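Peer 1: This is the structure I have questions about; it appears just below.
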Amino acid sequence: MKNINIIAISGSLRPNSSNSTIINIIAGMAPSEVNIVTYGGLADLPHFNPELDNESPSASVTDFRAQLKSADAVLICTPEYAFGVPGSLKNALDWTVSSSEFVDKPTALITASSQGQHAHASLLLTLGAISAKVSPGATLLIPFIRSKINRDGTITDGGVLISLKKVLDNLLQSIA
């Protein structure tokens, strides 16, 4: 198997969030030929403005798009805020609407929050709008996430660990 590069995007801007923890756990589950790198520029992206989405977008947008384009797949792990998608994550995805970085890009979506079903459904619609390739087995909704991760950042629910591994395996299988 060739080396596989996956860009991971946490929908939370907090570095020690449950979602960032999940990304780190999945990275630890990955085979040695799979490199999972977390995108760190979510907070640096300007507010989406179609008039600024031209041949010369900001450096942060250009970098984000370049990282997406060079990745073999995308892993998104996000909370739900006020029954919706975190604004910074939605903003990032909006910057890809007019470009082609997500077209047929294998993508996994994990929503880990208190509830999460509203953000999860909304993100699946958005990923469909930007033509991301989301395999059915590469999505996961983890409600009540704080009760499933201890203070040390360890997932205490064995079923969640199994489900995370399945998401990773399905994402890897969807890479052509």
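Peer 1: Filtering segment 84-102 down to residues that are assigned to a helix (DSSP H, G or I) and touching a residue at least 60 places away in the same chain (Cβ under 8 Å), which residue is surrounded by the fewest Cβ atoms within 10 Å (Cβ to Cβ)?
Peer 2: 88
Peer 1: In this structure, does residue 130 turn out to be closer than 16 Å to residue 175 by Cβ, in contact with a Leu (Cβ under 7 Å, 6 or more places away or on another chain), at pLDDT 95 or above and not small (Gly, Ala, Ser)?
Peer 2: Taking the combined requirement at face value, the residue does not satisfy it.
Peer 1: Which pairs do you get when a residue that is more than 11 Å from residue 165 (Cα to Cα), found in segment 24-35, comes within reach of a residue that is among the charged types (D, E, K, R), reach meaning Cβ atoms under 8 angstrom, with the pair 6+ apart or on two chains?
Peer 2: The qualifying pairs are 33/2.
Peer 1: Go through 56, 20 for me and flag whichever is of a type in the set (S, T, N, Q) and more than 28 Å from residue 149 (Cβ to Cβ).
Peer 2: 56
Matching residues to (1) within 14 Å of the chain's Cα centre (by Cα); (2) within 16 Å of residue 12 (Cα to Cα):
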residue: 114; (1), (2): no, yes
residue: 119; (1), (2): yes, yes
residue: 134; (1), (2): yes, no
residue: 140; (1), (2): yes, no
residue: 143; (1), (2): no, yes
residue: 152; (1), (2): no, no
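Peer 1: Only one of (1) under 12 Å from the mean Cα position of the chain (by Cα); (2) part of a helix (DSSP H, G or I) is not met by residue 75, so which one is it?
Peer 2: (2)
Peer 1: While we're looking at this one, here's another question. Just need a number here: residues in segment 11-63 that are under 16 Å from residue 112 (Cβ atoms) and of a type in the set (A, V, I, L, M, F, W, C).
Peer 2: Selection size over segment 11-63: 7.
Peer 1: OK, next. Any idea which residue in segment 103-123 is surrounded by the most Cβ atoms within 10 Å (Cβ to Cβ), counting only those that are out of contact with any helix residue (DSSP H, G or I) (no Cβ under 9 Å at 6 or more places or on another chain) and of a type outside the set (A, V, I, L, M)?
Peer 2: Per the stated criteria, the residue is 120.
Peer 1: A further question on this structure: If you take the residues of segment 138-156 that are loosely packed, with under 15 Cβ neighbours inside 10 Å and not hydrophobic (A, V, I, L, M, F, W, C), which of them is nearest to residue 78 (Cα to Cα)?
Peer 2: By that ranking, first place goes to 146.
Peer 1: Now for a different question. Condition first: in contact (Cβ under 8 Å) with a residue 40 or more places away in the chain, surrounded by 19 or more Cβ atoms within 10 Å (Cβ to Cβ) and assigned to a loop (DSSP other than H, G, I, E, B). Can you find one or more residues in segment 124-133 that meet it?
Peer 2: yes
The values are calculated or read from the model by the stated rules, or taken from the named source; none is laboratory data. For clarity, every value in this text was computed on a predicted model and none was experimentally measured. Counting neighbours? That spans all protein chains shown, and the Cβs are built from the backbone with ideal geometry, glycine included.
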